[in-house]
Structure formats: C-alpha cells, structure tokens
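To start, the structure itself, in structure tokens.
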Amino acid sequence: MSRASPPRIFDRNLYARRRARAANKFAAHDFLHRRAMEDIVDRLETVTRDFPRALFIGVGGLRSLLSEACGVSEIIEADLSAARLTPGAAGVVMDEERLAFAPQSFDLVVSLLHLHTANDLIGALVQLRRALKPDGLLLASVFGEETLREMRAGLYAAEAAHSGGVSPRVAPFASVRDLGAALQRAGFALPVADLDRARVAYRTPQALIDDLRGMGETNCLANRGRGLRKSAAGAAMAALRGGDAVTFDIVTLTGWAPDESQPKPLKPGSATHSLAAAVRRSEEDR
C-alpha cells in the first residue's frame, strides 16, 4: 500500500525565491541564524570525534563560525537557493524532501533554520538519516512553536475586527515535544530536542518586518488567503507597538544514525539490583 502524500502546507518554490531575494542583505539580519549556529558550534566542540565529510544545509557564510575544535573537514553546502551558498564553495541547490546524495555519504549533517518549512518533516529527517554513515550525527535547528506569537495574535485580532474573518499570516511551528518525536519516528538514535527562546525588542513594527524580509522568512504558506485590507494592516501594525518584545523559539535537534556501537537501553527485568531493596537499606541506615 503506497504512503499518502503529505499535505502541502508550504510553497517551497516561493520560500526558495524569498531566500534568494534576501541573500544580498542577509548578513544585516542574520542574528537568529548566527545565534543558532553558535549553539551548534558549541555542541560540535564538545563531541570528541572528527567529521571527515559534512553536509551543511542553509548555513552559507556562517560556516566561518566553525572552530578547529569542531573537527569538521570537507564540507558540502546545500540550500533551496543558489544565492545562499558560499561563493566558490562546493555546493548544490537541493530540497531536503528530495535529497540528492547516496546513502551513508556523510559523517555529519547540519541544517540551520531550514527545515521548518518542510511539508514532510519526518520524511525529510528520514532522508537525512539515510545520508549519514552509521553513528553519524545530525544537528538541526528549526523555529519552534511560540515563534512570532505576538505578531500572529496581532494580525488575527486586527483582521477579525476589520474584515470579519482571518487568513493564515504566520506559519505554524511545531512544539519541542513534537520535534523530538519526529526525530524518533525518523529512526534516529539518542534523539534530543532543546529549546532556546529569544525575546527581541523592536523599536517599530516595521523593523520586525524588515528583519523577516532580510532573513527570507516572510509568509510562504501555500494557502496564504486574501490580501490584508489596508485598515486591518494598519490596526495590526498598531497592535505591534514599538518596544514590545517578540518571541523566537529556536529548537536544536540532535540525533545519531543507528550503529551497534551505541549504548542500548536495558531490557525490562534485566536490572541486577532491586530498587525496593535499595530503599529498605536507605531507611535502615537513617
């Protein structure tokens, strides 16, 4: 029986065009990507092993943050947009939902704030796992559930008041729990999902819009609905008052391609010591 196609939530072609359009000014708006990459670098520096061949997705020029302690040698870059690849570096225009590499090609895969628009996240993660050699490492950062919650609330309230209904304006983002579960369902060993919440104060609502455009992260939903009426747009901008903080959740996913050398959980009933006996001894020693 064939697997049903996932719903088309995001327009990946539109997302690629917006990433391309933002490429020239991205460095002025990359603070969230830089923060996520610095976290990934910290994690790599604590792993006591080398990564001879790595796939970096959506990283681009931020690969310069890597240190020698990360142990990364050859890097192949990938992105939905050629304009976001490092000039002169080995790279390929690629969609994680249609991975262009043979199985077991890499020791490390890094995906930087790129997977949150995948229509089939679990399918994309499965392909990334297959691209890893046994005991290979995945580090992927994605925007999480509470990202832009203030903007979403302001837009919905303003449109409901001025238009009598609402259309999708801000993409849905997955929770930490759901993202961790996606790693497990995709077959990764030792899966971990960590949350880093950034609260960013903007002097004006337009500054927030400029950052989102500069990142290439404006609305790329497949069903974007009707255009926002001028009165509703004005009310929404007024609701996003200057100085208010805006939430960005960055979830970092860590998972390993399964390998026999990895620690295995004990089978039920295989414990050699009784918890009840340990509790009794503790009470007797008081």
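The values are calculated or read from the model by the stated rules, or taken from the named source; none is laboratory data. Everything numeric here is computed off the predicted structure, so don't read it as measured data. So basically every Cβ, Gly included, is an ideal-geometry build from the backbone, and we count neighbours across all protein chains shown.
So the values come out like this:
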{"quantity": "Residues located in the range 97-130, provided they are under 18 Å from the mean Cα position of the chain (by Cα), closer than 17 Å to V72 by Cβ and either charged (D, E, K, R) or part of a helix (DSSP H, G or I) (or both)", "calculated": "L128"}
{"quantity": "Residue check for A174: buried (at least 20 other Cβ atoms within 10 Å of the Cβ), at pLDDT 85 or above, more than 15 Å from the chain's Cα centre (by Cα) and of a type in the set (G, A, S)", "calculated": "no"}
{"quantity": "D210, sole failed condition from (1) surrounded by fewer than 18 Cβ atoms within 10 Å (Cβ to Cβ); (2) modelled with pLDDT under 95; (3) under 14 Å from V142 (Cα atoms)", "calculated": "(3)"}
{"quantity": "Failed item, numbered, when A102 is tested on (1) under 20 Å from A186 (Cα atoms); (2) crowded, with 19+ Cβ neighbours inside 10 Å", "calculated": "(2)"}
{"quantity": "Residue match in the range 36-52 (condition: farther than 20 Å from L253 by Cα, among the basic types (K, R) and more than 20 Å from the chain's Cα centre (by Cα))", "calculated": "no"}
{"quantity": "Counted residues, the range 67-119 - those being of a type in the set (D, E, K, R) and at pLDDT below 95", "calculated": "4"}
